[in-house]
1. Ranking F36, F8, F142, F227 by Cβ neighbours within 10 Å, fewest first, what do you get?
2. What does the charge count near I56 come to, summing +1 for each Lys or Arg and -1 for each Asp or Glu among other residues with Cβ under 13 Å from its Cβ?
3. Work from the charge dipole of the chain (Cβ charges, +1 for Lys and Arg, -1 for Asp and Glu, about the Cα centre) and give the residue of V139, T87, G27 farthest towards its positive end.
4. Sort W5, W75 so the one with the fewest other Cβ atoms within 10 Å of its own Cβ comes first.
5. Quick one: dipole size for the chain, taken about the Cα centre, charges +1 on Lys/Arg Cβ and -1 on Asp/Glu Cβ, in debye to the nearest 20.
6. I need the semi-axes of the equivalent ellipsoid of the stretch 5-162: take the C-alpha gyration tensor, multiply each eigenvalue by 5, square-root it, list largest first in whole angstrom.
7. Taking only the Cα atoms of the stretch 86-203, how large is their convex hull per residue, in Å³?
8. Could you tell me how many degrees, from 0 to 90 and to the nearest 10, lie between the Cα long axis of helix 164-176 and the main elongation axis, the longest principal axis, of the Cα atoms of the chain?
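We did not get these values from a lab; they are worked out from the coordinates using the rules stated. These figures come from a predicted structure and were not determined experimentally. With ideal geometry, Cβ positions are generated from the backbone for all residues, glycine too; neighbour counts draw on all protein chains shown.
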Amino acid sequence: MSFDWCKFLNETVTTPTGKRWLATAGGWADEKIQPFSLGEARNFVVKEERKDNCPIDPRKIVGTSHGAYNQGMTWRQFLGAGKKISTKLDVLELRPEYYDDPLAFDNDPNNKYGTPDGWHLAEIDSDLFITEGNHRSVVAKFRAHEDGVTSQRVYSVLSLTVSEDAMRAYDRLQAAYLPGERDGGPQRRLISDTNGVKVYQIRVRCGLHVFGGAPLKEMEVHEAAEFVSNRNRLRKKVFDFFPDLYQKVFS
């Protein structure tokens, strides 16, 4: 017997605004919340810029790093299954400034709604991912889609520029390795930090078989892909013709 989400949501969402959203939300609300890992995303990030106390369009929020909410849950399901969502929907009815101006609200000594929750996101291209402030983000997303509140101020947005060229070069590097050769993964080296904008170079430290020369220590990823491809081109052809040669040489 499958779980009846419709019945569950109608029972757990009790505020007038929450119930209205359940009834009016379009197909966007049934899209799954995408998983996100800031650590993994940063593997090929060549530029980072943090923007504090800035506006966002909540409709561009597509995912979260929180493991409880990115394993198949939809935005609509979050309205009833979010850990603290009922309290957050109550706050929307009583103190909408909790969302309208979260920094001022959280820093208000007369705030009676507990410790500040924070509200931080990461941005890749035009997509936004929640790193802190899941409940606020979900409420803001419904407000944007259903009530037209499309400008929302948040604590910070970390804007990330991912290098697809570096990703492709890393894939070429993996394809160029001989059996048993590998690297420790992409590593970022900071090359400039100006006015809060950090620029990185993607490097790799490879472990290569020694055929009369020293193994490669560390190179920029494009240089490494070119170097290893040229170095192993003939050797890979030999291995293709003699597939058991590897075992004889390296076992």
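1. The most exposed by this proxy come first: F8, F227, F36, F142.
2. Details: positive: K51, R59, K60, R136, K141, R143, R153; negative: D52, D57, E123, D127.
Result for the local shell: +3.
3. G27
4. Numbers: W5 14, W75 22.
With the fewest neighbours first, W5, W75 line up as W5, W75.
5. Values: 35 positive and 35 negative charges, 156 e Å.
Dipole about the Cα centre, nearest 20: 740 debye.
6. 25, 20, 13
7. For the stretch 86-203, the hull spanned by Cα atoms encloses 179 Å³ per residue.
8. 40
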